Amino acid sequence: MEETVDHDSLLALFRRLTLASAPLLMTSCTTTECGPVDIEGTVPLAQLQPDAGSRDDAGRFVGELSLPDGGLDDLCREAFPTEVIETCKLVTIDGEPTIVAVIKRGPGCAGRRPAGLAPAPGTEATGLGVWLAGAAHLEAASVDAFEILAGELTVHGAPSALVDAARAAADDERRHARLMGRLAVAAGSRPPAALVARRPPRDLEAVANENAVEGCVRETYAALVAWRQARAAEAPELRHVMGGIAADETRHAALSWAVDEWARERLSPARRRRVEAARRETIEQLGRELTVAEPTDVRALAGLPEATEAVQLAAALFARVA
Ligand SMILES: [Fe+2]
Ligand SMILES: [Fe+2]
């Protein structure tokens with residue numbers, strides 16, 4: 001990324017993209033649009049075990065892999081802590097040992113999820129209440145994500161402005177979780193608790209990596225969609241609530257990019273390249289996930305884009321900011 005992504009530039013971009021976005025398409029829901037989808041996720045082993053094996057002078061991996069006591073299962077859970085994993089293997093890609101997993105994803109998965117978040121119980125039910133309950137679960141998980149980020153930024157000596165902004169974001173997310181939880185209950189669904197296993201502070205690369213994936217990509221896209229929802233949600237209470245949430249999420253997205261800039265300046269070139277690669281891979285992964293849209297009635301009530309528009313919005317957004 002060459003130019004700074006700050007709050008005002010993001011806000012202007014979100015407004016331009018949501019105003020230009022297509023009107024809702026009232027097509028019927030097909031199986032491929034509405035079901036869960038299998039996607040492939042990859043995490044370089046070096047991201048989890050920087051000291052695994054050894055490297056030759058050219059930086060290529062050589063030697064034996066060291067798996068944790070739990071073997072591949074533990075490694076896969078560590079690589080994809082919040083996902084429902086179908087299959088997982090350790091393979092070599094371009095000379096790098098890489099964990100490759102097939103992950104089961106439902107539609108509309110965007111937001112900031114902390115490492116250690118237990119997946120929400122799955123449901124076959126659909127409807128606005130189910131969507132709101134899922135959103136409330138993700139908002140509650142985001143409280144932990146920002147509290148953890150604030151703690152890890154402190155450990156790594158980040159400026160107090162970033163630490164304070166992360167703490168303020170946790171307060172915002174607490175409010176969002178309450179608001180969405182109330183709407184979910186009113187629509188007949190109770191949000192599952194967000195269960196997050198707290199872990200010791202991680203090294204700066206792991207912090208920067210999670211921030212790039214969950215903040216610069218997922219929460220930034222979620223902020224854009226929140227503006228669309230504030231304009232287009234047919235459920236009036238949700239439309240009203242999304243106005244305030246969109247403004248908060250825009251600050252959170254800007255914070256992600258500020259953390260990204262601060263952290264990457266402090267990483268070695270190799271570590272910085274891995275963070276940038278993770279960001280690029282997540283943008284591609286999000287593009288695949290967005291090909292699965294919510295059912296038509298939920299989309300209309302919640303103001304969510306249909307699949308084609310969602311893919312186009314994400315492409316336009318990340319062509320500009322990533
Ligand atoms: Fe939020
Ligand atoms: Fe947020």
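The values are calculated or read from the model by the stated rules, or taken from the named source; none is laboratory data. None of these values were measured; they are calculated from a predicted model. Note that we place each Cβ from the backbone using ideal geometry, even for glycine, and neighbour counts take in every protein chain shown. What goes into the accessible areas is simple: the full protein's heavy atoms, side chains included, and nothing from ligands, DNA or RNA. Shrake-Rupley method; radii C 1.70, N 1.55, O 1.52, S 1.80 Å.
Can you give the extra length, in nm with one decimal, that the chain gains between residue 6 and residue 175 once fully stretched, where that is 0.36 nm per residue apart less the Cα-Cα distance? Walk me through the numbers on the way to the answer.
Numbers: separation 169, 0.36 × 169 = 60.84 nm, distance 2.36 nm.
Separation in residues times 0.36 nm, less the Cα-Cα distance, equals 58.5 nm.
With +1 on each Lys and Arg Cβ and -1 on each Asp and Glu Cβ, how big is the dipole of segment 199-306 about its Cα centre, in debye rounded to the nearest 20? Provide the component values of the computation, followed by the final result.
Numbers: 17 positive and 19 negative charges, 86 e Å.
The calculation lands at about 420 debye.
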Open item on the list: How large is the accessible surface of residue 92 in square angstrom, using a 1.4 angstrom probe and rounding to the nearest 10?
Closed with: 100
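Averaged per residue, what accessible area in Å² does the chain show with a 1.4 Å probe, protein chains only? Walk me through the intermediate numbers first.
Numbers: 14670 Å² over 322 residues.
Counting only protein heavy atoms, the per-residue value for the chain is 46 Å².
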Open item on the list: Based only on Cα atoms, what mean projected area does the convex hull of segment 155-249 have, in nm²?
Closed with: 7.1
Task: Probe 1.4 Å, all protein chains present, accessible-area order of 56, 69, 8, largest first - done: 69, 8, 56
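Between residue 55 and residue 91, what FRET efficiency comes out of the Förster formula 1/(1 + (r/R0)^6) with R0 = 22 Å and r the beta carbon distance, rounded to 0.05? List each step's numbers first, then the result.
Numbers: r = 18 Å, r/R0 = 0.82.
That pair, residue 91 with residue 55, gives E of 0.75.
Leaving ligands, DNA and RNA out of it, report the carbon-plus-sulfur percent of the accessible area of the chain at a 1.4 Å probe. Write out the running numbers ahead of the final one.
Numbers: 7880 of 14670 Å².
Accessible surface attributable to carbon and sulfur in the chain totals 54 percent.
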TODO: Work out the charge dipole of the chain with +1 on the Cβ of Lys and Arg and -1 on the Cβ of Asp and Glu about the Cα centre, then indicate which of 49, 206, 311 is farthest towards its positive end.
DONE: 311
Open item on the list: If I model a spin label at residue 268 and residue 203 as a point 7 Å from the Cα along the Cα→Cβ vector, what separation in nanometres do I get?
Closed with: 0.8
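Relative contact order of the chain, please, whole-number percent, based on alpha carbon pairs below 8 angstrom and at least 6 residues apart. Numbers along the way, then the final one.
Details: 516 pairs, mean separation 76.0, N = 322.
Computed value for the chain: 24 percent relative contact order.
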- [ ] Per DSSP H run of at least 4 residues, take -39500 (n - 2.57); add these up for the chain, divide by its residues and hand me the 222 nm value, nearest 500 deg cm²/dmol.
- [x] -18000 deg cm²/dmol
TODO: Only Cα pairs under 8 Å and at least 6 apart count here; give the relative contact order of segment 112-189 as a rounded whole percent.
DONE: 44
Open item on the list: Taking 25 °C and 0.890 mPa s as the conditions, I'd like the Stokes-Einstein D for segment 93-203 in µm²/s, using the Kirkwood hydrodynamic radius from alpha carbon pairs.
Closed with: 158
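Quote the charge dipole size of the chain about the Cα centre in Debye, to the nearest 20; the model charges only the Cβ of Lys and Arg (+1) and of Asp and Glu (-1). The partial results should precede the final answer.
Numbers: 35 positive and 48 negative charges, 140 e Å.
For the chain, the charge dipole is close to 680 debye.
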Task: Share of alpha-carbon pairs per 5 Å distance bin for segment 112-164, given as whole % - done: 4, 18, 22, 16, 14, 10, 7, 6, 3, 0
Task: Virtual spin-label span in nm between residue 100 and residue 62, 7 Å along Cα→Cβ - done: 2.5
Task: Most positive-pole-ward Cα, 61, 224, 95, against dipole of the chain from beta carbon charges - done: 224
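For the pair residue 69 and residue 308, what calculated FRET efficiency results from E = 1/(1 + (r/R0)^6), where r is the Cβ-Cβ distance and R0 = 41 Å, to the nearest 0.05?
Values: r = 46 Å, r/R0 = 1.13.
Calculated value: 0.35.
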Task: Cα Rg, Dmax, segment 197-322, angstrom units - done: 16.0, 49
- [ ] Run the 1.4 Å probe and let me know the accessible area of residue 76, rounded to the nearest 10 Å².
- [x] 10
Open item on the list: No solvent, one uniform scatterer per C-alpha: report log10 I(q)/I(0) for the chain via the Debye equation at q = 0.11 1/Å, two decimals.
Closed with: -0.68
